[in-house]
Amino acid sequence: MAYFRRRIVFVAVALLFCLYHFHGISGGGGLLQTQTDPIAATQTIIKNRIDWNAVPQRYPVESMIPLPSGTPAKIPNIQYKFGKETKAGKRKRQERLEAIRESFLHSYRGYQKYAWLQDEVTPLSGEYKNGFGGWGATLIDTLDTLWIMGMKKEFAIAVAAVEKIDFTSSDSKVISVFETTIRYVGGLLGAYDLSRGKYPVLLKKAVELGDFLYAAFDTPNRMPITYWEWEKATSGEEQEAGTSVPVADLGSLSMEFTRLTQLTGDPKYFDAVQRIYDGLAEQQNDTRLPGMWPLMVNARKMDFTKDATFTFGAMSDSLYEYFPKQYLLVGGLSEQYRKMYEGTIKAAKKHIFFRPLNEENRDILVSGTMRDVATQSERLDPEGQHLTCFVGGMVGIGAKVFNRPEELDTARRLTDGCIWSYEAMPTGIGPEIFRAVPCLDPGDCTFSLDRYYHWIATDMHYREEDEDEDPPLTRAKAFVKEMGLFPGFTEIRERKYILRPEAIESVFIMYRITGDKTLQDKAWDMFQAVNRYTRTDVAHASIEDVTSTHPRKIDSMESFWTAETLKYYYLIFAEPDLVSLDDYVFNTEAHPFKRPS
Ligand code: DMJ
């Protein structure tokens with residue numbers, strides 16, 4: 001009987017799909033872009049919606065892991081106790097705030113005009129693209145920025161648009177569960193929390209999407225599929241998690257799913273992500289670099305130990321970022337997240353963070369990459385990625401929350417390392433990926449050109465293949481000139497800047513932690529540079545080369561520009577109690593979730 005009932009549901013879902021796909025009833029990306037009559041629009045959506053709760057799970061969970069319960073633990077305050085500011089100081093701050101708000105508005109208007117309800121505006125051609133499921137990524141990702149910047153009317157208009165979006169299906173055959181979670185579920189929940197539940201539809205839509213994504217966890221071991229051909233789930237096809245998936249895609253769904261459980265009381269979301277944490281925690285010390293997890297892991301076998309690359313950069317980053325944040329989100333009621341953080345930071349201080357030699361002999365740190373760990377060619381790759389720039393903020397929060405005051409200095413030095421990567425470039429904007437000279441002798445990190453050239457001459461593999469007869473030092477100098485490098489940098493592997501937030505994110509967090517006003521000045525310099533080189537008639541664009549003072553623009557503005565980058569720039573100049581770190585915790589896409597009081 002149960003079998004037949006299940007078949008009937010599958011057939012019904014399949015029929016709805018045929019209608020949806022072959023008769024083109026709905027607009028692109030599950031959105032009703034062309035409908036003008038809101039009542040007709042709503043009726044059409046209802047006809048095509050998939051009720052994911054009615055789609056049977058092949059591998060249902062037998063007993064749910066509950067949210068940690070009890071009275072929230074006493075967690076030390078994160079924010080500095082700011083005093084009164086001078087009149088002149090206030091004026092300067094407000095002028096800066098206004099400039100950032102204007103820049104935001106320019107981008108948002110461009111999105112409204114050319115790409116409303118699509119994922120992204122293309123800032124050179126004034127068109128749009130849909131690479132994130134087609135549910136209006138920029139719209140959802142930007143909701144809480146509108147609220148923060150006091151644009152309440154725009155916020156209400158945006159929420160009314162959100163109401164019409166159908167999150168139960170997508171025009172994209174494959175969706176990234178990670179991106180959908182951090183940008184959309186995070187965006188909806190952040191806006192819901194910040195507006196203090198005044199717009200229940202935001203939660204309703206987050207649940208709609210959460211229920212859709214939950215089907216990606218319907219695998220034999222309950223590990224989610226990260227790049228998900230979601231239609232398979234509607235027809236009851238067997239699904240299995242990937243054998244080689246980025247560890248961040250797996251480990252950074254936790255805050256959003258946990259918040260869903262907190263707000264709805266439905267344990268299934270938390271259960272889904274806690275299973276991942278339990279697996280990671282169990283294997284934390286069995287990896288090649290105990291304390292950390294490799295870049296790629298086998299989710300199908302739940303083996304998180306094999307690979308040999310370790311970094312806080314692309315594909316790993318937010319896994320680590322979420323340990324202290326998840327701890328805050330559950331009110332300190334789980335020691336597991338603390339332990340995972342402590343293991344990580346111990347390994348990172350020993351193996352990953354390095355001091356780059358630099359002309360001004362600044363005592364700074366960069367977060368690098370360990371490669372081929374536990375093999376004969378194990379080495380620290382002294383690369384810095386823009387993506388790793390979140391680490392300063394993470395270590396700062398960890399230092400406060402887990403009472404590790406000695407690490408505040410590490411957090412600051414990591415943040416300063418990213419500021420250095422901005423200041424060293426002719427545009428004043430940090431590159432996507434670079435390499436530097438690590439100081440191997442902590443007793444002497446003094447920069448000299450000789451030392452710099454010597455490193456290049458002895459360490460760069462180009463040397464071996466080169467049959468040039470010139471002595472190595474001469475060739476090193478020629479190499480620096482030919483590649484257009486700046487003292488301290490041995491390579492700038494990717495010269496683009498794609499409007500990323502991580503550097504300003506850490507500057508903002510360290511400002512809120514320390515109250516150090518020089519960080520505001522650094523932030524202002526960074527903002528001015530970014531604003532200057534990325535602005536277009538339509539919005540703001542990525543640029544090809546931060547080492548050129550006439551960088552070519554790229555026709556792309558990712559949603560994190562208005563979701564994260566401009567939000568952090570704004571918040572560092574706002575009153576410090578606007579989204580206080582003692583009241584809210586940001587997900588990796590800068591969406592603030594309310595912390596338990
Ligand atoms: C954002 O989507 C998130 O911050 C993510 O964790 C990393 N990449 C981008 C921004 O660079």
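The values are calculated or read from the model by the stated rules, or taken from the named source; none is laboratory data. This one's a predicted model, so the numbers in the text were calculated from it and none came from an experiment. Cβ coordinates were reconstructed from backbone atoms using ideal geometry, including for glycine residues, and neighbour counts include every protein chain displayed.
Only a single item in (1) assigned to a helix (DSSP H, G or I); (2) away from the ligand (no atom under 13 Å from the Cβ); (3) surrounded by 24 or more Cβ atoms within 10 Å (Cβ to Cβ); (4) not aromatic (Phe, Trp, Tyr) is not met by Val546, and it is number (1). Exactly one residue among Thr226, Thr219 is more than 16 Å from the ligand (Cβ to nearest atom) and either surrounded by 24 or more Cβ atoms within 10 Å (Cβ to Cβ) or of a type in the set (S, T, N, Q) (or both), and that residue is Thr219. Number of residues in region 326-343 that are free of Cβ contacts under 8 Å to residues at least 60 places away in the same chain and either buried (at least 20 other Cβ atoms within 10 Å of the Cβ) or more than 18 Å from Lys400 (Cβ to Cβ) (or both): the value is 2. Run down Lys47, Lys153, Lys113 and say which single residue is of a type in the set (D, E, K, R) and modelled with pLDDT under 95. Within the list Lys47, Lys153, Lys113, the selection yields Lys47.
Each residue in region 549-570 was checked for being within 16 Å of the ligand (Cβ to nearest atom), more than 15 Å from the chain's Cα centre (by Cα) and surrounded by fewer than 24 Cβ atoms within 10 Å (Cβ to Cβ), and 2 pass.
None of Ile509, Ile498 is within 21 Å of Gly126 (Cβ to Cβ) and either more than 25 Å from the chain's Cα centre (by Cα) or within 16 Å of the ligand (Cβ to nearest atom) (or both) except Ile498. Among the residues of region 547-597, those identified as farther than 23 Å from Glu102 by Cβ and of a type in the set (A, V, I, L, M, F, W, C) are Leu581, Val585, Phe586, Phe593.
A count restricted to region 220-253 and to residues that are among the hydroxyl-bearing types (Ser, Thr, Tyr) and either at pLDDT below 95 or closer than 17 Å to Arg58 by Cα (or both) stands at 2. Against the criterion of being buried (at least 24 other Cβ atoms within 10 Å of the Cβ), over 20 Å from Leu485 (Cβ atoms) and of a type outside the set (Phe, Trp, Tyr), Gly368 does not qualify. Of everything in region 381-399 that's surrounded by fewer than 24 Cβ atoms within 10 Å (Cβ to Cβ) and in contact with a strand residue (DSSP E or B) (Cβ under 6 Å, 6 or more places away or on another chain), which residue is nearest to Phe508 (Cα to Cα)? Taking the candidates together, the pick is Glu383. Looking across Leu414, Leu408, one residue alone is under 22 Å from Arg512 (Cα atoms), surrounded by fewer than 19 Cβ atoms within 10 Å (Cβ to Cβ), modelled with pLDDT of 95 or more and among the aliphatic types (A, V, I, L, M). It is Leu408.
Every residue, every condition in (1) under 23 Å from Asn77 (Cα atoms); (2) within 16 Å of the ligand (Cβ to nearest atom); (3) of a type in the set (Asp, Glu); (4) surrounded by fewer than 24 Cβ atoms within 10 Å (Cβ to Cβ), yes or no:
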residue: Glu502; (1), (2), (3), (4): yes, yes, yes, no
residue: Glu505; (1), (2), (3), (4): yes, yes, yes, no
residue: Asp525; (1), (2), (3), (4): no, no, yes, yes
residue: Gln528; (1), (2), (3), (4): no, no, no, yes
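If you filter region 287-306 down to residues that are surrounded by fewer than 19 Cβ atoms within 10 Å (Cβ to Cβ) and of a type in the set (D, E, K, R), you find that the one that is nearest to Ser377 (Cα to Cα) is Lys306. With respect to the conditions (1) away from the ligand (no atom under 14 Å from the Cβ); (2) among the β-branched types (Val, Ile, Thr); (3) on the phi < 0 side of the Ramachandran plot, Val579 falls short on a single one, namely (3). Summed over region 186-198, residues that are closer than 15 Å to Tyr269 by Cβ, among the aliphatic types (A, V, I, L, M) and either in contact with a Phe, Trp or Tyr (Cβ under 8 Å, 6 or more places away or on another chain) or within 11 Å of the ligand (Cβ to nearest atom) (or both) total 1. Of the residues Leu333, Leu328, the single one that is part of a helix (DSSP H, G or I) and over 15 Å from Leu280 (Cβ atoms) is Leu328.
Residue by residue, here is whether (1) polar (S, T, N, Q); (2) under 33 Å from the mean Cα position of the chain (by Cα); (3) not in a helix (DSSP H, G or I) holds:
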residue: Val391; (1), (2), (3): no, yes, no
residue: Arg404; (1), (2), (3): no, yes, yes
residue: Ser421; (1), (2), (3): yes, yes, no
residue: Ala476; (1), (2), (3): no, no, no
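The helices (runs of 4 or more DSSP H) found wholly in region 202-295 and carrying at least 1 residues that are under 18 Å from the mean Cα position of the chain (by Cα) and within 30 Å of Asp372 (Cα to Cα) occupy 247-251, 254-264, 268-283. From the list Leu380, Leu387, pick out the single residue that is in a strand (DSSP E or B) and closer than 25 Å to Leu295 by Cα. After applying the criteria, what remains is Leu380. Could you tell me whether any residue of region 125-137 is touching a helix residue (DSSP H, G or I) at 6+ places or on another chain (Cβ under 7 Å) and part of a helix (DSSP H, G or I)? Among the residues of region 125-137, at least one is touching a helix residue (DSSP H, G or I) at 6+ places or on another chain (Cβ under 7 Å) and part of a helix (DSSP H, G or I), which makes the answer yes. Within region 303-326, can you find the residues that are away from the ligand (no atom under 16 Å from the Cβ), touching an Asp or Glu at 6+ places or on another chain (Cβ under 9 Å) and hydrophobic (A, V, I, L, M, F, W, C)? Across region 303-326, the qualifying residues are Phe304, Ala308.
Summed over region 155-176, the residues that are within 16 Å of the ligand (Cβ to nearest atom) and surrounded by 20 or more Cβ atoms within 10 Å (Cβ to Cβ) give a count of 1.
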